[in-house]
Amino acid sequence: MIRPSWCTQSLLNNCYCLVFLLLAIKAKGWMVPIGERIHNFAHGLALGVTFSQDVILGVTATIAVGLHELHHELGDHAILIQSGFTHYKALTFNFITSLTAFIGISLSASEVCQQRIFALTIGIVSLYFTC
Ligand SMILES: [Zn+2]
């Protein structure tokens with residue numbers, strides 16, 4: 001991304017530069033991190049619930065999520081780059097976004113939450129197979 005000539009190193013000017021740089025990001029560049037936070041939160045719920053039931057089940061779910069996330073994150077990175085992020089900012093945004101999985105893991109510790117997640121999962125899988 002090219003900085004405008006008025007972006008210098010002064011503190012006040014850096015605030016304007018940051019706003020300018022954030023506004024230069026295309027809309028889909030903001031949609032990916034927002035959607036990805038919800039997505040990673042759901043992964044955290046799934047991993048927390050599966051580990052709470054059985055360690056082998058949790059490891060299996062972790063491997064499945066890891067394999068699924070490999071190509072998913074590469075695609076997200078490509079979208080962020082096309083939207084105007086630098087490689088460093090795209091990696092930083094993806095890392096920060098992935099931390100929402102820990103919120104899901106911590107919420108899945110309660111037994112009430114685990115039961116609701118299992119009920120929701122069974123309902124979604126049932127809908128998937130009936131449609
Ligand atoms: Zn995923």
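Every read-out reported here was derived from the displayed coordinates using simple, explicitly stated rules and does not represent laboratory data. Keep in mind that what you see is a predicted model, and the values were worked out from it rather than measured. Every residue, glycine among them, receives a Cβ derived from its backbone with ideal geometry; neighbour counts consider all protein chains shown.
Would you please put 57-64, 98-105 in order of how densely packed they are, using the mean number of other Cβ atoms within 10 angstrom per residue and starting with the highest? Can you show the working numbers first?
Values: 57-64: 14.1, 98-105: 17.2.
Result, highest mean Cβ count within 10 Å first: 98-105, 57-64.
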Under the 7 Å Cα-to-Cβ spin-label approximation, Ser110 and Tyr128 lie apart by a distance in nanometres of 2.6
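Please give the contour-minus-distance gain from Ile63 to Ile25: 0.36 nm per residue of separation, less the Cα-Cα distance, rounded to one decimal in nm.
Working: separation 38, 0.36 × 38 = 13.68 nm, distance 3.32 nm.
This chain segment gains 10.4 nm when fully extended.
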Rg/Rg_globular for the range 36-130, with Rg_globular taken as 2.2 N^0.38 Å and Rg from C-alpha atoms: 1.21
